[in-house]
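J.: The following block contains the structure, expressed as structure tokens.
What follows draws every value from the coordinates through simple rules; no lab data is involved. Nothing here was measured: the structure is a model prediction, and the numbers come from that model. Because the Cβ atoms are built from the backbone with ideal geometry, glycine has one as well, and the counts that use them run over all protein chains shown.
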Amino acid sequence: MHTTCPSCAAINRIPDDKRNQPGQCGRCKSVLFNGDVVDLTDADFARFVSKNDLPVVVDFWASWCGPCQMMAPIFKDAAAHMPFDARFAKVNTEHAQGVSGQYGIRSIPTLIVFHQGKEIDRLAGALPAAQLQQWIRQALLKAKQ
Ligand SMILES: [Zn+2]
């Protein structure tokens with residue numbers, strides 16, 4: 001499978017027997033599956049989302065949004081729990097207005113799960129940790145179908 005490096009955006013090919021290992025970027029040597037949340041912008045969003053064979057869970061947020069602030073640590077925690085199941089990213093809707101417009105983000109936080117560039121599922125509003133992870137897991141199952 002292919003995945004984009006969270007640090008330099010290089011596309012890395014991962015052999016099937018190495019899918020559950022942290023991995024290392026061929027270009028910049030950063031850890032590929034570090035369980036972190038990647039910040040995406042208008043400039044790198046399309047490449048990161050479409051060049052990944054792993055689903056990408058994206059949190060659309062804004063600095064002035066209270067529920068977004070509450071969601072941030074919960075989302076980070078979910079990312080740390082499933083480093084090999086999906087990539088986790090966030091988009092600041094105040095800065096990345098192109099991407100936010102393209103996907104019609106009207107309320108925040110909004111979560112969208114993408115697989116190979118296509119939207120698989122979407123959730124508007126914040127959820128407590130357990131429900132959020134449950135929602136992400138069922139969205140990831142849809143991506144496998
Ligand atoms: Zn890299």
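J.: At a Cα cut-off below 12 Å, give the aspartates and glutamates reachable from residue 144, other chains included and same-chain residues fewer than 8 away excluded.
T.: 53, 85
J.: OK, next. Under 5 Å between amide hydrogens, which residues at least 5 positions from residue 39 or on another chain qualify, with H placed 1.01 Å from N in the peptide plane?
T.: 90
J.: Give the shape of the chain as rounded, prolate or oblate, defined through the alpha-carbon gyration tensor: a ≥ b ≥ c are the square roots of its eigenvalues, a/c under 1.5 means rounded, and otherwise the shape is prolate if a/b is larger than b/c and oblate if not.
T.: On the way: a/c = 1.66, a/b = 1.39, b/c = 1.19.
Because a/c hits 1.5 or more and a/b exceeds b/c, the chain counts as prolate.
J.: Go through the stretch 13-65 and name the trypsin sites (Lys or Arg not before Pro) that are in a DSSP coil and have 13 or fewer other Cβ atoms within 10 Å of their Cβ.
T.: Taking the stretch 13-65 and a limit of 13 other Cβ atoms within 10 Å, the loop trypsin sites (Lys or Arg not before Pro) found are 27, 29.
J.: Okay, moving on. Among rounded, prolate and oblate, which fits the stretch 51-95 when a ≥ b ≥ c are the square roots of the eigenvalues of its C-alpha gyration tensor, a/c under 1.5 means rounded, and a/b larger than b/c means prolate?
T.: Details: a/c = 4.29, a/b = 1.56, b/c = 2.76.
The shape class here is oblate.
J.: Hey, another quick one. Could you pull out every residue, at least 5 positions away or on a different chain, whose amide H is within less than 5 Å of the one on residue 24? Hs are placed 1.01 Å off N in the peptide plane, and Pro or chain starts have none.
T.: Answer set, sorted by chain and number: 32.
J.: Per residue of the stretch 116-133, in order, report the coupling 6.51 cos²θ - 1.76 cosθ + 1.60 (Karplus, θ = phi - 60°) as ³J(HN,Hα) in whole Hz, putting x for Gly and Pro.
T.: For the stretch 116-133, the Karplus curve yields 6, x, 9, 6, 9, 7, 8, 9, 9, x, 8, 9, x, 3, 5, 5, 5, 5 Hz.
J.: Also: Given Cα pairs under 8 Å that are at least 6 residues apart, what percent is the relative contact order of the stretch 1-95? Each step should come with its number before you reach the end.
T.: Values: 146 pairs, mean separation 31.4, N = 95.
Averaging sequence separation for qualifying contacts and normalising by length gives 33 percent for the stretch 1-95.
J.: Okay, next question. Across the stretch 27-40, in residue order, what do the Karplus-derived ³J(HN,Hα) couplings come to in whole Hz, using 6.51 cos²θ - 1.76 cosθ + 1.60 with θ = phi - 60° and x for Gly and Pro?
T.: 8, 9, 6, 6, 5, 7, 10, 9, x, 8, 9, 8, 8, 10
J.: So what is the relative contact order for the stretch 35-144, in percent, with contacts set as C-alpha pairs under 8 Å and at least six apart? It would help to have the intermediate numbers written out before the result.
T.: Numbers: 194 pairs, mean separation 40.5, N = 110.
Relative contact order comes out at 37 percent.
J.: Tally Lys and Arg at +1 and Asp and Glu at -1 over the other residues with C-beta under 12 Å from the C-beta of residue 10: what net charge comes out?
T.: Working: positive: 13, 27, 29, 47, 51; negative: 44.
Overall, the nearby charge balance is +4.
J.: Express in nm, to one decimal, how much length is gained between residue 69 and residue 11 on full extension, taking 0.36 nm for each residue of separation and deducting their alpha carbon distance. All intermediate terms of the calculation are to be shown ahead of the outcome.
T.: Details: separation 58, 0.36 × 58 = 20.88 nm, distance 3.09 nm.
Separation in residues times 0.36 nm, less the Cα-Cα distance, equals 17.8 nm.
J.: Only loop residues by DSSP count here, and only those with at most 12 other Cβ atoms within 10 Å; note down the trypsin sites (Lys or Arg not before Pro) in the stretch 98-145 that meet that. All intermediate terms of the calculation are to be shown ahead of the outcome.
T.: Working: sites: 106, 118, 122, 137, 142, 144; in loops: 106.
Within the stretch 98-145, the qualifying trypsin sites (Lys or Arg not before Pro) (loop, at most 12 other Cβ atoms within 10 Å) are 106.
J.: Per-residue ellipticity at 222 nm for the chain, helices alone: DSSP H runs ≥ 4 residues times -39500 (n - 2.57), over residue total, nearest 500 deg cm²/dmol? Write down the numbers at each step before the final one.
T.: Details: 4 runs with 44 residues, N = 145.
Helix-only estimate at 222 nm: -9000 deg cm²/dmol.
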